[in-house]
Amino acid sequence: MTFHRCASLPLLLLVCLLAVAPLRAQEPAQPAPSSPAAPVPQTPIVPEPSGAGGGTEGEALPPKLAGQLLPRLDVYFPEGDLDLRINRLINKTFFEGQVKYNFVNGDISAFLRYRYYGLKRTTQFTVFDSISFDRIDQDVTADFDRVRGTLLLMEWPHNYNNRTFFLTELDRISSNRGPAEGGGRFLVRRDQTNTFVRLGYQLGTPDEGRSSAIAGETRARTERLFSAFREFGPDESTLTSALTYGFPYGIGDFNYLKFEFEALKRLDVSRRTFLVGRLRGGTFLQVAKADPKTLPPEPDGIDFFAVPRSEAFNIDGRENLKGVRNRTRGTDALFTTWEYFFPWFLESEHRALRLTWDNWYWVLYAGYGTVGLSHSIYREFSSYYPDTGIGFESSFRLRKYRFFLSGVVAQALKGRSGLEARISVKSYR
């Protein structure tokens, strides 16, 4: 079986869109970005909707939202990522279809979700199919990993600022990166199955997408340039941690124990400016070595461990160190980012490019971190990457639609990474 990007992937995208269209779904609309109209400044971006792994048990859900059609669209450049979600809320039940597609390397993922809001617990059931390519070749095919799976996610809110999560997931992984039996190589090697459970805890305001990606659905996370892409009040802080156990019993082929965490802290410098610090890290407390017979022809460092590539850590890219280009997967990672927000204008109606601009923050960015294959990287300071940059976050209106535009230009201060420019556009109605 051969995967052709030019033929099968657009067809798969069309099928996914047709699958989610009957939902005619609407995710709860979000309020406009809150800005510092008083001595208390607010971040320019609204709270993340209760999407992958989100949702607060027992929260008030406005009746007028039920039955409305409102696709939510995120577009990322220069990566060429598109994230389309179509939602519908019916009473206490939430239906969502999601398609993520990368126009550069052909990655595509489709998700169907059912979420029920109970009095003391939120329950979510998800099925998904995801294809990701390792690199771009001149041919229409490339090395790929395909993951088909299902998961059950439950959330228990103890109060407004404290909640726990439990996730159980089964992933069926196919790949053409391995060798064939007797020499040569397959197009698709034998399937592997990753069965795991995850226990997570979140301290902080609800519906925060980065935390939900740690404690909930990692693969379907909403990616953002900056840490505080939600209402994040003065001196607020959050802490999220999760323990994931991949067990080898039954149909499971992996055996690992992974711990990860993330902390956010906002420090107000003046009445209108503030600093957001982020500390992110993780390690595999237990992991087995990979069977040498299953190694691909050109293995990466992470391939020598019996860990799914999707579960490994990395510090590069949009969500992590903005100026680092080369992806390095590892079993251990630690990094921090700092973002200083200061406004150009707030709660205004500036007209430019036929758009109405409401808010604009300039952002000074700096990051520092490392990733590797052993615990020793934490004390090897020569392995750390520093980077720095400047960016902005803004909101504008076009007719009845509202958009949030973010951008950053960053440069790693070591290694071969050049100047990186990243932009994201998010839509609301």
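The values are calculated or read from the model by the stated rules, or taken from the named source; none is laboratory data. On a predicted model such as this, the values are computed, not experimentally measured, just so you know. Note that we place each Cβ from the backbone using ideal geometry, even for glycine, and neighbour counts take in every protein chain shown.
Give me the residue from region 235-273 that is of a type in the set (Asp, Glu) and surrounded by 15 or more Cβ atoms within 10 Å (Cβ to Cβ) and, out of that set, farthest from Gln202 (Cα to Cα).
Per the stated criteria, the residue is Asp253.
Residues being on the phi < 0 side of the Ramachandran plot and outside any strand (DSSP E or B): count how many of those fall in region 323-354.
Taking region 323-354 first, the residues on the phi < 0 side of the Ramachandran plot are 323-346, 348-352.
Then keep just the ones that are outside any strand (DSSP E or B); that gives 323-329, 331, 346, 348-349.
Going through region 323-354 one residue at a time, the tally reaches 11.
Quick check on Arg416: is it surrounded by fewer than 18 Cβ atoms within 10 Å (Cβ to Cβ) and part of a loop (DSSP other than H, G, I, E, B)?
Considered against the rule, which asks whether it is surrounded by fewer than 18 Cβ atoms within 10 Å (Cβ to Cβ) and part of a loop (DSSP other than H, G, I, E, B), Arg416 comes out as yes.
If you scan region 365-382, which residues turn out to be hydrophobic (A, V, I, L, M, F, W, C) and under 22 Å from the mean Cα position of the chain (by Cα)?
Result: Ala366, Val371.
Does any residue of region 319-331 turn out to be without any contact (Cβ under 8 Å) to a residue 24 or more places away in the chain and either over 22 Å from Glu380 (Cα atoms) or within 17 Å of the chain's Cα centre (by Cα) (or both)?
Quick first cut of region 319-331, residues without any contact (Cβ under 8 Å) to a residue 24 or more places away in the chain only: 327.
From the residues that got through so far, the ones that are either over 22 Å from Glu380 (Cα atoms) or within 17 Å of the chain's Cα centre (by Cα) (or both) too are 327.
Yes, that holds for at least one residue.
Taking region 86-95 only, how many residues are touching a Leu at 6+ places or on another chain (Cβ under 9 Å) and in a strand (DSSP E or B)?
6
Which of the residues that make up region 289-319 are of a type in the set (S, T, N, Q) and more than 17 Å from Phe196 (Cα to Cα)?
Thr294, Asn314
Would you confirm whether or not region 237-248 contains a residue that is closer than 23 Å to Leu334 by Cβ, part of a loop (DSSP other than H, G, I, E, B), in contact (Cβ under 8 Å) with a residue 60 or more places away in the chain and over 18 Å from the mean Cα position of the chain (by Cα)?
Initially, region 237-248 is screened for residues closer than 23 Å to Leu334 by Cβ, giving 237-246.
Still in the list and also part of a loop (DSSP other than H, G, I, E, B): none.
Checked region 237-248: no residue is closer than 23 Å to Leu334 by Cβ, part of a loop (DSSP other than H, G, I, E, B), in contact (Cβ under 8 Å) with a residue 60 or more places away in the chain and over 18 Å from the mean Cα position of the chain (by Cα).
Looking only at residues in region 295-318 that are in contact (Cβ under 8 Å) with a residue 12 or more places away in the chain and of a type in the set (Asp, Glu), which one is farthest from Glu420 (Cα to Cα)?
Asp303
Considering only region 383-391, I want to know if a residue exists there that is more than 23 Å from Arg280 (Cα to Cα), within 22 Å of the chain's Cα centre (by Cα) and in contact (Cβ under 8 Å) with a residue 12 or more places away in the chain.
Scanning region 383-391, I find no residue that is more than 23 Å from Arg280 (Cα to Cα), within 22 Å of the chain's Cα centre (by Cα) and in contact (Cβ under 8 Å) with a residue 12 or more places away in the chain, so the answer is no.
All but one of (1) within 30 Å of Tyr401 (Cα to Cα); (2) crowded, with 18+ Cβ neighbours inside 10 Å; (3) modelled with pLDDT of 85 or more hold for Phe77; which doesn't?
(2)
Does region 38-50 contain any residue that is surrounded by 14 or more Cβ atoms within 10 Å (Cβ to Cβ), of a type in the set (Gly, Ala, Ser) and at pLDDT below 80?
Within region 38-50, one or more residues are surrounded by 14 or more Cβ atoms within 10 Å (Cβ to Cβ), of a type in the set (Gly, Ala, Ser) and at pLDDT below 80.
For region 78-85, state whether one or more residues are more than 15 Å from the chain's Cα centre (by Cα) and either assigned to a strand (DSSP E or B) or closer than 17 Å to Asp145 by Cα (or both).
Among the residues of region 78-85, not one is more than 15 Å from the chain's Cα centre (by Cα) and either assigned to a strand (DSSP E or B) or closer than 17 Å to Asp145 by Cα (or both), which makes the answer no.
Those residues that are farther than 24 Å from Thr336 by Cα and not charged (D, E, K, R), I need them from region 365-406; list them, please.
Ser395, Phe396, Leu398, Tyr401, Phe403, Phe404
Just the residues that are surrounded by fewer than 17 Cβ atoms within 10 Å (Cβ to Cβ) and either of a type in the set (A, V, I, L, M) or at pLDDT below 85 (or both), please, taken from region 111-141. First the steps, then the outcome.
Looking only at region 111-141, we keep the residues that are surrounded by fewer than 17 Cβ atoms within 10 Å (Cβ to Cβ), and these are 114, 116, 118-121, 123, 125, 127, 135-141.
Once the filter is applied, which keeps residues that are surrounded by fewer than 17 Cβ atoms within 10 Å (Cβ to Cβ) and either of a type in the set (A, V, I, L, M) or at pLDDT below 85 (or both), region 111-141 yields Leu119, Val127, Arg135, Ile136, Asp137, Gln138, Asp139, Val140, Thr141.
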